[in-house]
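The values are calculated or read from the model by the stated rules, or taken from the named source; none is laboratory data. Predicted, not measured: the structure shown is a model, and the values here were computed from it. Just so you know, the surface numbers come from the protein's heavy atoms only, side chains and all, with ligands and any DNA or RNA stripped out. Shrake-Rupley method; radii C 1.70, N 1.55, O 1.52, S 1.80 Å.
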Amino acid sequence: MRRFALLTALLATASASAQEEPMQLDGVGRISVQAGWRLTSNDTFYDSFYALPDYRGLENPARSSPGGPFLAGSFAYAASEFIELGIDLFATGEQLRLTGAPTLTNVTYGALVGVRFQTLLDFLTPEGVVPFIGIQSGPTLAYSLAEGVGRREVLTQAWVGSVGATFRFSSHWGLTAEYRLAFARGQSAFNTQAAFKDLASYNAGGNWFALGVTYLFSPEPDRPFSSPP
């Protein structure tokens with residue numbers, strides 16, 4: 001009877017230890033879908049536009065943009081406990097208001113490849129919080145449209161720095177909050193006309209704020225080497 005009790009206690013201890021294995025990031029894949037808002041400074045573009053002969057001397061010219069929507073989908077894999085490799089597909093846009101000229105609508109979209117440095121902190125949520133910083137780059141299309149003026153699209157290279165955190169509420173689901181600072185330039189629709197040949201490019205990047213849902217794939221278990229029969 002004592003042996004049976006001892007065996008039961010050992011099995012219970014082993015089971016508890018297995019359930020309390022530390023959470024990990026190594027080998028974890030994820031898909032994140034995010035939505036948010038873009039805010040962009042375009043002082044250089046506005047200064048250049050209102051310096052043109054036809055617009056010089058305007059009183060209190062418009063120099064603002066309400067921003068615009070931002071959407072992104074991320075596909076990533078943690079190559080180690082602290083490094084994740086990933087690809088982002090994104091699209092964002094905004095409108096630049098102008099005095100004496102049509103509103104300029106700018107859309108930026110493309111793909112980014114990059115690396116993210118992360119760690120797992122066991123607090124706040126049941127499966128912990130993953131803070132991260134990252135850098136990405138990739139081919140980006142900057143599309144510009146102005147009614148009655150025309151349209152212009154250029155291919156450029158965007159560089160993006162990011163910081164954020166994923167709050168893991170279960171082994172597979174989490175909530176991700178992320179801020180991206182993007183660097184990219186585009187040629188406006190006005191640049192298609194001779195009168196605007198000296199007009200400066202606009203900021204196709206800016207500040208991208210996003211919140212989204214993340215699905216996490218469990219790491220595949222190690223498979224011991226076995227020789228064929």
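State, as an integer percentage, the relative contact order of the chain based on alpha-carbon contacts under 8 Å between residues 6 or more apart.
Details: 567 pairs, mean separation 47.4, N = 229.
That works out to 21 percent.
Explain nothing, just the number: relative contact order of segment 80-172, from Cα pairs under 8 Å at least 6 residues apart, as a whole percent. Don't skip to the end; give the middle numbers.
On the way: 209 pairs, mean separation 24.7, N = 93.
Result for segment 80-172 is 27 percent.
Cut-off 10 angstrom, C-alpha nodes, Gaussian network model of the chain. Which of L52, L155, L39 fluctuates the most?
Answer for the Gaussian network model of the chain: L52.
Take the alpha carbon gyration tensor of segment 153-205, find the square roots of its eigenvalues, order them as a ≥ b ≥ c, and report rounded if a/c is under 1.5; if not, report prolate when a/b exceeds b/c, else oblate. Please list the in-between numbers first.
Details: a/c = 4.96, a/b = 4.08, b/c = 1.21.
Since a/c reaches 1.5 and a/b is larger than b/c, the shape of segment 153-205 is classed as prolate.
Report relative contact order for segment 75-129 in percent, whole number only (criteria: Cα-Cα under 8 Å, sequence separation at least 6). Spell out each step's value before the answer.
Numbers: 80 pairs, mean separation 18.3, N = 55.
For segment 75-129, the relative contact order is 33 percent.
Where the convex hull is taken over the Cα atoms of segment 77-229, what is its projected area averaged over directions, in nm²?
Details: hull surface 53.3 nm².
Reported value for the Cα convex hull: 13.3 nm².
Quick check for you: with a 1.4 Å probe and neighbouring chains kept, what is the accessible area per residue of segment 44-117, in Å²? Display every interim value, and only then the final one.
Details: 3620 Å² over 74 residues.
Per-residue accessible area for segment 44-117 comes out at 49 Å².
Take the solvent-accessible surface of the protein heavy atoms, probe 1.4 Å, and return the percent of it on segment 41-104 that carbon and sulfur atoms account for. Intermediate results must be reported in sequence, preceding the final value.
On the way: 1900 of 3290 Å².
With neighbouring chains kept in place, the figure for segment 41-104 is 58 percent.
On C-alpha positions alone, give me the angle between the axis of helix 2-19 and the longest principal axis of the chain, in degrees, nearest 10.
The angle comes out at about 10 degrees.
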